[in-house]
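S.K.: The structure under discussion is supplied below as structure tokens; questions concerning it will follow.
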Amino acid sequence: QVQLVESGGALVQAGASLRLTCVSSGRTFSSNAMGWFRQAPGKEREFVAAISWAGDSIDYADSVKGRFTISRDNAKNTVYLQMNSLKPEDTAVYYCAGRSRGFWHLPTLPYEYDYWGQGTQVTVSS
């Protein structure tokens, strides 16, 4: 019964920065791991980044490593994705996802997550 809401998507020029925000509703932050995925038209939903509850386990897709940073503030029930040096190939709908169950390895596949936000559009022009 977790509700996730993303915000922060926009149309920007190549090289610009954006910060996406994902807020979880409810009395407390219900998700263990949190992840960001993206999906471009005609393509599969792909992994972008993930973070554990305490932030001690983090993973990034190779395509965004060094440019994107995932973080979370559990007191605010919020997860962030800081995106720098944006490229046209970053254009996609970005989704926030949460996993309520525990894990041995940080989940990086869509089916490993239990809850999803509605998505926010990021468009990067050249």
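S.K.: Would you pick out the residues in segment 44-53 that are more than 15 Å from Gln121 (Cα to Cα) and not aliphatic (A, V, I, L, M)?
M.R.: Once the filter is applied, which keeps residues that are more than 15 Å from Gln121 (Cα to Cα) and not aliphatic (A, V, I, L, M), segment 44-53 yields Glu44, Phe47, Ser52, Trp53.
S.K.: All but one of (1) farther than 16 Å from Thr123 by Cβ; (2) open to solvent by 20 Å² or more (accessible area, probe 1.4 Å); (3) free of Cβ contacts under 8 Å to residues at least 40 places away in the same chain hold for Glu89; which doesn't?
M.R.: (1)
S.K.: Still on this structure, please answer the following. Just give me the residues in segment 32-51 being touching a Leu at 6+ places or on another chain (Cβ under 6 Å) and not aliphatic (A, V, I, L, M), in sequence order.
M.R.: Passing the criteria: only Trp36.
S.K.: OK, next. Which of the residues belonging to segment 109-124 are of a type outside the set (A, V, I, L, M, F, W, C) and open to solvent by less than 40 Å² (accessible area, probe 1.4 Å)?
M.R.: The answer is Tyr113, Gly117, Gly119, Thr120.
S.K.: When the residues of segment 75-126 are narrowed to those that are among the β-branched types (Val, Ile, Thr) and closer than 14 Å to Ala50 by Cβ, which ends up farthest from the chain's Cα centre (by Cα)?
M.R.: Only one residue tops the list, namely Thr108.
S.K.: Also, quick follow-up: When segment 54-78 is examined, which residues are found to be out of contact with any Ser or Thr (no Cβ under 8 Å at 6 or more places or on another chain) and either at pLDDT below 95 or more than 21 Å from Val122 (Cα to Cα) (or both)?
M.R.: Ala54, Asp56, Ser57, Asp73, Asn74, Ala75, Lys76
S.K.: Which of the residues that make up segment 1-60 are more than 22 Å from Tyr111 (Cα to Cα), of a type in the set (Lys, Arg) and assigned to a loop (DSSP other than H, G, I, E, B)?
M.R.: Passing the criteria: only Arg27.
S.K.: Continuing with the same structure: Any chance segment 93-114 includes a residue that's under 19 Å from Ala14 (Cα atoms) and part of a loop (DSSP other than H, G, I, E, B)?
M.R.: No, every residue in segment 93-114 fails to be under 19 Å from Ala14 (Cα atoms) and part of a loop (DSSP other than H, G, I, E, B).
S.K.: Quickly run through segment 61-74 and pick out the residues that are within 11 Å of the chain's Cα centre (by Cα) and either assigned to a helix (DSSP H, G or I) or not aliphatic (A, V, I, L, M) (or both).
M.R.: Those that are within 11 Å of the chain's Cα centre (by Cα) and either assigned to a helix (DSSP H, G or I) or not aliphatic (A, V, I, L, M) (or both): Phe68, Thr69, Ser71, Arg72.
The values are calculated or read from the model by the stated rules, or taken from the named source; none is laboratory data. This one's a predicted model, so the numbers in the text were calculated from it and none came from an experiment. FYI the Cβ positions are ideal-geometry reconstructions off the backbone, even for glycines, and counts take in every protein chain you see. Surface accessibility is based on the protein's heavy atoms, side chains included, excluding ligands, DNA and RNA. Shrake-Rupley method; radii C 1.70, N 1.55, O 1.52, S 1.80 Å.
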